[in-house]
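Please read the structure below before turning to the comments.
Any read-out appearing in this document is the output of simple, stated calculations on the displayed coordinates, not a laboratory observation. None of these values were measured; they are calculated from a predicted model. Please note: Cβ atoms are built from the backbone with ideal geometry, for glycine as well, and neighbour counts cover all protein chains shown.
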Amino acid sequence: MTVRACDVLIIGGGIAGISVASELAGAGVDVVLVDGLSLGEGSSGKNAGGVRQQFSEETNIRAGIDSLKRIDGFRQETGIDIAFRKVGYLFLAATPEQGAILERAVRLQNRFGIRTRMVAPGEMDAIVPGMRTDDVLIGSFGPDDGYIDPKKLIHAFARLAREKGAEIVERCPVTSIRIAGNRIVEVVAGARRFAPAAVVNAAGVWAPRIARMIGADLPITSRRSNLWVARPADINPGEWIPQVIDVETRVFFHSEIGGDGSLVFGVGGAELVPDDPNIPCNWDKLPDGLKRLGNRMPRFAGAEITRGWAGLVEATPDDNPIVGWTFLDNFYTNAGFSGHGMGVAPGLAVQVAKELRGIATDYSLEAFRFERLEKDLVKGEDLFGVSVNAKAAGI
Ligand SMILES: Cc1cc2nc3c(=O)[nH]c(=O)nc-3n(C[C@H](O)[C@H](O)[C@H](O)COP(=O)(O)OP(=O)(O)OC[C@H]3O[C@@H](n4cnc5c(N)ncnc54)[C@H](O)[C@@H]3O)c2cc1C
């Protein structure tokens, strides 16, 4: 069997891998991406598609800014429609403590030029008509955030990557990695063999399995997140409800991407589950989820549920990804986006591609380094992080 030499071999064709493949190919790097399933069949094709710049941690904010810039200009730049609905993102706080977190985050976001602002309950009806706000203390609204069709974004990046020369191989699972000295010298994937100068572990919730192939351990856990589509009796097609995150009750929702007036919704606080890519929806959680949705959006209290599915969220202990050279001289990790990969990974890909090419990044990635977890230098992402939510839900 011939061995395919390349500059960079990326393992995983979700948003983390495919956006880096596109960046590297654009810079003339000989890049191969392998995925054990098909592109976007992991978490990236199953999520809610929310993209935001509203974070509490500076690195996430900077990556979020670059992601949104890219997403907003995608159609003009490439001619590809990724169904970006730029209708905003609203966080709701019920307690002074939650309000203080939002306020601190907005101040930081504003320093980077993001147009987020605090909003009083009285102003919210103009943003989300018909939403109940009598138990809301304050909120923060980002008018330039929104949501996309996640599968369209994945396939758009794949098209760009291929056009610029990347080789993308689907149904090609990595099964073993050979090391000599402190370097990976060969990767076996499906019926193929690769001799890459560098390897990127972008296998999402399965990244710990890849790390184990080199005898290392990554603290990324697998959590199930359920999503449902609710169609009310008085359907209002063409209504675009922003992404709403209710911090106290953990319910989140936004209009269905097709614009038929349905809402996509779920409840934060994902349960620990095995990393089965075909994880089924936990329908037992629906009555509670629908109650929380109806409490916030009374029009949807008795809505028909037309669809439900689940995906795996790849959570780190502090809800920030693990990014950088890890364990070996040529093994790079880009995984653990903890429920906000669609919004963070595309922007961050620019910096990851720079590091892989030996170029200095535009901003520090220290908050995302593996070593922070080892040294307990953990500064968590306060705004709706998966682990933070799980703790709040007592899971
Ligand atoms: C229900 C739900 C809702 C979410 N909502 C949002 C949201 O609104 N906004 C947001 O930003 N994020 C959201 N997320 C999180 C987001 O989906 C993830 O952060 C993101 O998709 C992670 O991307 P990834 O590329 O790291 O992983 P993945 O998309 O899982 O990609 C990893 C890939 O690696 C491949 N792989 C695994 N093992 C191997 C192997 N041995 N060899 C080769 N390939 C392998 C897999 O097949 C997979 O395609 C949500 C997640 C879920 C589940």
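Any idea what the relative contact order of the chain is, in percent, if you count C-alpha pairs under 8 Å spaced at least 6 apart? In percent, rounded to a whole number, it is 23. Residues of the range 179-202 with backbone nitrogen within less than 12 Å of a virtual label 7 Å along the Cα-to-Cβ line of VAL3, please, listed as ranges. Counting only backbone N, you get 179-180, 184-188, 193-197.
Rank these for me by crowding, CYS172, CYS281, going from fewest to most other beta carbons within 10 Å.
Lowest count first: CYS281, CYS172.
Positive contributions from Lys and Arg (+1) and negative ones from Asp and Glu (-1), summed over other residues with Cβ under 15 Å from the Cβ of ARG231, come out at -3. Note on the range 100-259: with charges restricted to the Cβ of Lys and Arg (+1) and Asp and Glu (-1), its dipole about the Cα centre is near 1180 debye. Only Lys, Arg, Asp and Glu carry charge here, each on its Cβ (+1 for the first two, -1 for the last two); on that basis the range 54-132 has a dipole of about 140 debye about its Cα centre.
Taking the centroid of alpha carbons for each part, the range 38-78 and the range 96-148 are 19 Å apart. Mean sequence separation of contacting Cα pairs (under 8 Å, at least six apart), scaled by the length of the range 112-224, corresponds to a relative contact order of 14 percent. Amide H contacts for ALA5 (H built 1.01 Å from N in the peptide plane; partners 5 or more residues away or on another chain; cut-off under 5 Å): ALA195. Helix 341-356: angle to the longest alpha-carbon principal axis of the chain, degrees 0 to 90, nearest 10? It works out to around 30 degrees. In order along the range 99-111, phi translates into HN-Hα couplings of x, 5, 5, 4, 5, 4, 5, 5, 4, 5, 4, 4, 4 Hz, rounded to whole numbers, per the Karplus curve 6.51 cos²θ - 1.76 cosθ + 1.60 with θ = phi - 60° and x for Gly and Pro.
A convex hull fitted to the Cα coordinates of the range 226-376 yields 153 cubic angstrom per residue. Our summary gives the range 31-140 a relative contact order of 26 percent, counting only alpha carbon pairs under 8 angstrom and 6 or more residues apart.
Projecting the Cα atoms of SER222, VAL251, ILE184 onto the charge dipole of the range 176-307 (Cβ charges, centred on the Cα centre) puts ILE184 farthest toward the positive pole. A dipole drawn for the chain from +1 and -1 charges on Cβ atoms has a positive end, and of ASN334, ALA158, GLN109 the residue lying farthest that way is ALA158.
Listing THR221, THR333 from the residue with the fewest other Cβ atoms within 10 Å to the one with the most, what is the order?
THR221, THR333
Sorted into 10 angstrom bins from 0, the C-alpha pair distances of the chain split as 5, 24, 34, 24, 10, 3, 0 percent. Angle check, please: helix 15-26 long axis (alpha carbons) against the longest principal axis of the chain (alpha carbons), in degrees 0 to 90, nearest 10. Between helix and principal axis, roughly 50 degrees. Sorting the segments 290-297, 183-190, 19-26 by their residues' average number of neighbouring beta-carbon atoms within 10 angstrom, most packed first, yields 19-26, 290-297, 183-190. Only Lys, Arg, Asp and Glu carry charge here, each on its Cβ (+1 for the first two, -1 for the last two); on that basis the range 223-379 has a dipole of about 240 debye about its Cα centre.
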